[in-house]
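Asks: Before I ask anything, here is the structure I am working with.
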Amino acid sequence: MFAKSLRFLCILILTIGVFCRFVALDQKIYWYDEVSTSLTVSGYTELDVVRDFAGATAPIAPSELQKYQQIKPGSTFLNSIQRLTQENPHHPPLYYVLARLWAQVFGTSITAMRSLPAVISVLMLPAIYWLCVELFGSATIGYLAMVLLAVSPLQLAYAQEARQYTLWMLMVLLSSAGLLRAIRLKTPQSWRWYGLLLVGGLYTQMFFGLTMLAHGAYVVIMQRGRFTRSVKGYLISAIGASLAFSPWFMVMARQYYQANRLTEWTWIYDLTPLMRLQFWLHNLSLAFVDLGHGVYHAPLLPLYLGLTGLIVYAIYGVCRRTAPSVWLFVLLMMGLTALPFMLPDVLLGGKRTVTPRYFLPAYLGIELAVAHLLHWGYVKVVDTAKDRRWVGQWLTMGLAVAGLVSTNIYFQHQVWWTKPFNIDNPTIAAMINRSAKPFLVNNGPVPYLISLSYELDPKVRIALQPYCVNCLQQVEQRQQLKIPSIPAGVGDVFLVNAHALEPWKNQVRQQQQYQTDFRFTSPTTWLVRLIPRKLS
């Protein structure tokens, strides 16, 4: 029996969690990847921006950059798909088509663009409930899983991110529940619905294929390798979905060089085994607690170890206390979506496992396991005197409080670790905005420039020399520092560059026209004040 106190607690936390997804949607910086989303939705390309400002001499206001975030006159969703095929072929188009339709109704403001993933994130709550009912046969576990999802700081961060990640998680949940339903009903219609969900998942995120693989392994193992109706139903659905996805697969195959170039950052950076373990401990905790550090923070080691122990015990509990049809599904949902990233990092090097967004399906599996653990804590042992209901009550309250505290911290910051490329925007913009008549020379990549423009005052004038990362612009062009003629009557002259290449840095140091006053340096950005040298 679902206790009234637990029901009230779930409803209260769910209400808070849903509300928080729509609070201050425009508070956080609109960062590089989100700007790229808006470029796709608008129908513009990075190359359009580079060409529009090639050889331009007149300075512009920050607002003139933001026109590229608005729907291009005369464009359609086909232009958005074309931009993906040319500049981001590793991103399937479903989310961007939905975002284009959403923008045509609600506009292209930051709030409007982030409200779509927020709505999708809310839809994840009934989806995980449905999965729990199909998997565990328990509505109580479903309610508890909804609570964990609602207050998860990781889920909140991606619910307010104008990217495809919430849709990816929604498709993982729906397809998983759809698979279990099809196995249970054994009807052609249920398998057709499952196949459609697979198509939706593939067209949302290419890594959804790992979820499909986990589903296939589950069906084959549970049927003990026999060619049963369930195996046949899965094969027909998976093959049909793969054929439906083949047009975009051909796009990725033709544009392999471009897709490979844009994702090479995941394997060119190596970590020591200790650093990698620290990242793993920190990232595991993000499902329940996030104090905003972004990376491993040594004083929080007891917290990391405690949450890791909780997760391990929850997985152990699922394996010990449920049927093979349950624990096998949870293990495959986590293992086959995480190991393809973990093993290459360990064996070959790279930083795939540093990025939590690649593990979102595995996080869902963790939340299922912990929800089962909470439910076990609420159950009274009938055949003994032992009553462990207090375990479930304290665990639920503890995780809920941890999530709400993390939420409070999240809303107190303008920047967050999920937006790394532009994390210095507020600091840099504040330095520029303090000047009476600031003049900014900007040599960075297109999405970085547009992201920074949201933080600049209208009085700032920008001399734009952008380059595009996602197009095949010659690297040599991106390495040349270009300082245009500075118009008379301006105040402080600033030069900003994001992810500056070494040749550019050397040119800054060696140029003779200006003295250089380095106002701000970080691993991602340089801000330099240029002071004209006096003629002798």
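Asks: Of everything in the stretch 432-468, what is over 22 Å from the mean Cα position of the chain (by Cα), aliphatic (A, V, I, L, M) and surrounded by 21 or more Cβ atoms within 10 Å (Cβ to Cβ)? Give them in sequence order.
Replies: Those that are over 22 Å from the mean Cα position of the chain (by Cα), aliphatic (A, V, I, L, M) and surrounded by 21 or more Cβ atoms within 10 Å (Cβ to Cβ): 432, 440, 441, 456, 460, 462, 463, 464.
Asks: What residue, among those in the stretch 415-431 that are under 22 Å from residue 282 (Cβ atoms) and in contact with a helix residue (DSSP H, G or I) (Cβ under 7 Å, 6 or more places away or on another chain), is most open to solvent (accessible area, probe 1.4 Å)?
Replies: Taking the stretch 415-431 and keeping what is under 22 Å from residue 282 (Cβ atoms), we get 415-424.
Going one step further and asking which of them are in contact with a helix residue (DSSP H, G or I) (Cβ under 7 Å, 6 or more places away or on another chain), we end up with 415-416, 418, 421-422.
Working: 415: 39, 416: 9, 418: 9, 421: 75, 422: 1 Å².
Per the criteria, the residue is 421.
Asks: Here's something else I'd like to know. How do the helices (runs of 4 or more DSSP H) wholly within the stretch 129-186 filter down when requiring 2 or more residues that are over 23 Å from residue 376 (Cβ atoms): which remain? Before you say what the answer is, go through the steps one by one.
Replies: Details: elements: 139-151, 153-159, 165-185.
Because the criterion is at least 2 residues that are over 23 Å from residue 376 (Cβ atoms), the helices (runs of 4 or more DSSP H) in the stretch 129-186 that meet it are 153-159, 165-185.
Asks: Residue 47 passes all but one of (1) touching a Cys at 6+ places or on another chain (Cβ under 6 Å); (2) buried (at least 19 other Cβ atoms within 10 Å of the Cβ); (3) not small (Gly, Ala, Ser); which number fails?
Replies: Residue 47 satisfies every listed condition except (2).
Asks: Would a scan of the stretch 72-80 turn up a residue that is among the β-branched types (Val, Ile, Thr), open to solvent by 30 Å² or more (accessible area, probe 1.4 Å) and touching a residue at least 24 places away in the same chain (Cβ under 8 Å)? Explain how you work it out, then say what you get.
Replies: Just the residues of the stretch 72-80 that are among the β-branched types (Val, Ile, Thr), to begin with: 76.
Keeping just the survivors that are open to solvent by 30 Å² or more (accessible area, probe 1.4 Å) gives 76.
Next, only the ones that are touching a residue at least 24 places away in the same chain (Cβ under 8 Å) stay: 76.
Yes, some residue in the stretch 72-80 is among the β-branched types (Val, Ile, Thr), open to solvent by 30 Å² or more (accessible area, probe 1.4 Å) and touching a residue at least 24 places away in the same chain (Cβ under 8 Å).
Asks: Would it be correct to say that residue 315 is at pLDDT 95 or above, part of a helix (DSSP H, G or I) and open to solvent by less than 30 Å² (accessible area, probe 1.4 Å)?
Replies: No: the conditions fail for residue 315.
Asks: Just to be sure I understand the filter: pairs with C-beta atoms under 9 Å, separated by 6 or more residues or on different chains, first member in the stretch 424-436 and more than 15 Å from residue 493 (Cβ to Cβ), second member part of a loop (DSSP other than H, G, I, E, B) and among the basic types (Lys, Arg). Which pairs pass?
Replies: Close Cβ pairs (under 9 Å, with a partner that is part of a loop (DSSP other than H, G, I, E, B) and among the basic types (Lys, Arg)) amount to 425/419.
Asks: While we're here: Within the stretch 339-355, which residues are under 21 Å from residue 309 (Cα atoms) and either among the polar types (S, T, N, Q) or open to solvent by less than 10 Å² (accessible area, probe 1.4 Å) (or both)? Step through it out loud before you land on a result.
Replies: Taking the stretch 339-355 first, the residues under 21 Å from residue 309 (Cα atoms) are 339, 342, 353-354.
Scanning the stretch 339-355 gives a single hit, 353.
Asks: Something else about it: Which of (1) within 25 Å of residue 150 (Cα to Cα); (2) open to solvent by 10 Å² or more (accessible area, probe 1.4 Å); (3) at pLDDT 90 or above; (4) assigned to a helix (DSSP H, G or I) does residue 101 not meet, given it meets every other one?
Replies: The failed condition is (1).
Asks: A further question follows. Checking residue 49 against (1) modelled with pLDDT under 90; (2) more than 30 Å from residue 489 (Cα to Cα); (3) among the β-branched types (Val, Ile, Thr), which test does it fail?
Replies: Only one criterion in (1) modelled with pLDDT under 90; (2) more than 30 Å from residue 489 (Cα to Cα); (3) among the β-branched types (Val, Ile, Thr) is unmet by residue 49, namely (2).
Asks: Another question, then. Against the condition buried (at least 20 other Cβ atoms within 10 Å of the Cβ), of a type outside the set (Val, Ile, Thr) and either more than 22 Å from residue 368 (Cα to Cα) or touching a Lys or Arg at 6+ places or on another chain (Cβ under 8 Å) (or both), how does residue 177 come out, does it pass?
Replies: Values: buried (at least 20 other Cβ atoms within 10 Å of the Cβ): yes; of a type outside the set (Val, Ile, Thr): yes; either more than 22 Å from residue 368 (Cα to Cα) or touching a Lys or Arg at 6+ places or on another chain (Cβ under 8 Å) (or both): no.
In short, no.
The values are calculated or read from the model by the stated rules, or taken from the named source; none is laboratory data. Since the model is a prediction, treat every value here as computed from it, not as a measurement. All Cβ positions, even for glycine, are placed from backbone atoms using ideal geometry, and neighbour counts span all protein chains on display. For accessibility, only protein heavy atoms count, side chains too; no ligands or nucleic acids. Shrake-Rupley method; radii C 1.70, N 1.55, O 1.52, S 1.80 Å.
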